[in-house]
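First the structure, in the form of structure tokens, and then the observations on it.
The values are calculated or read from the model by the stated rules, or taken from the named source; none is laboratory data. Since the structure is predicted, the reported quantities are computational estimates derived from the model, not experimental observations. A quick note on method: Cβ atoms are made from the backbone with ideal geometry, for glycine too, and the neighbour counts reach across all protein chains shown.
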Amino acid sequence: MGIFDFFKGKSKAAPAPAGATDTSAAPAESLLKELEGLGFDVSGVDLEVAGDKVTLNGAVNSRAELEKIVLAVGNTKGVAQVENNLIAPDYDPEQPSGVHIVVAGDTLWKIAQEHYGDGNRFQEIFEANKPMLSDPDKIYPGQRLRIPGASPAAVASAGGWAPPSEIAG
């Protein structure tokens with residue numbers, strides 16, 4: 001739970017659900033359709049949009065699904081902030097996955113090397129970010145990726161980025 005800040009002015013590669021603009025998120029119905037299109041069960045999710053802020057309420061099946069939904073919504077055009085009020089049976093807000101913000105020149109191999117010390121583990125990052133990623137070579141600057149098993153402190157030291165308060169501990 002908590003508030004996640006995302007970059008405005010996302011890459012042209014960022015998903016752009018119907019009705020999204022550079023300064024405003026798509027309507028709730030369009031965002032829910034985007035999530036359904038990615039294969040998420042959103043039957044227990046209530047989504048509210050106010051300008052560039054999206055609030056997620058309800059329940060999902062797992063921690064991984066919760067984290068993926070937050071990132072999938074936040075990585076879409078027009079979304080600058082996601083307030084996460086979702087719950088999952090196995091979610092522990094004290095132990096979230098790490099998050100990596102993609103910068104120009106990043107590859108999943110490079111990110112895995114940075115966070116795990118082994119570039120060969122790039123597939124773990126790819127799998128942790130499906131269905132938002134359909135190809136390990138298609139990431140873009142500003143995109144946030146889940147890094148399972150990486151501590152928020154380790155992620156925070158990457159690129160000078162400071163984690164949002166809900167994962168800073």
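Filter the range 8-24 down to residues that are among the hydrophobic types (A, V, I, L, M, F, W, C) and buried (at least 17 other Cβ atoms within 10 Å of the Cβ) and give me whichever is farthest from the chain's Cα centre (by Cα). Filtering the range 8-24 for residues that are among the hydrophobic types (A, V, I, L, M, F, W, C) and buried (at least 17 other Cβ atoms within 10 Å of the Cβ), the one farthest from the chain's Cα centre (by Cα) comes out as 20. Candidates in the range 35-68 are the residues that are of a type in the set (A, V, I, L, M), in a helix (DSSP H, G or I) and under 20 Å from residue 95 (Cα atoms); of these, the one that is modelled with the highest pLDDT is 66. In this structure, residue 114 does not satisfy being surrounded by fewer than 18 Cβ atoms within 10 Å (Cβ to Cβ) and at pLDDT 90 or above. In the range 53-62, is there at least one residue being in the same structural domain as residue 10 (by TED's automatic domain parsing), out of contact with any strand residue (DSSP E or B) (no Cβ under 8 Å at 6 or more places or on another chain) and not polar (S, T, N, Q)? No - not one qualifying residue is present in the range 53-62.
Residue pairs whose Cβ atoms lie under 6 Å apart, separated by 6 or more positions or on different chains, with the first residue in the range 127-144 and farther than 22 Å from residue 65 by Cβ and the second of a type outside the set (S, T, N, Q) and buried (at least 17 other Cβ atoms within 10 Å of the Cβ), are 141/102; 142/10. Go through the residues of the range 39-62 one by one and say whether even a single one is on the phi > 0 side of the Ramachandran plot, surrounded by fewer than 22 Cβ atoms within 10 Å (Cβ to Cβ), in contact with a Ser or Thr (Cβ under 7 Å, 6 or more places away or on another chain) and not β-branched (Val, Ile, Thr). Yes, that holds for at least one residue.
Checked against (1) within 16 Å of the chain's Cα centre (by Cα); (2) among the small types (Gly, Ala, Ser); (3) assigned by TED's automatic domain parsing to the domain that holds residue 150, residue 105 passes all but a single condition, namely (1).
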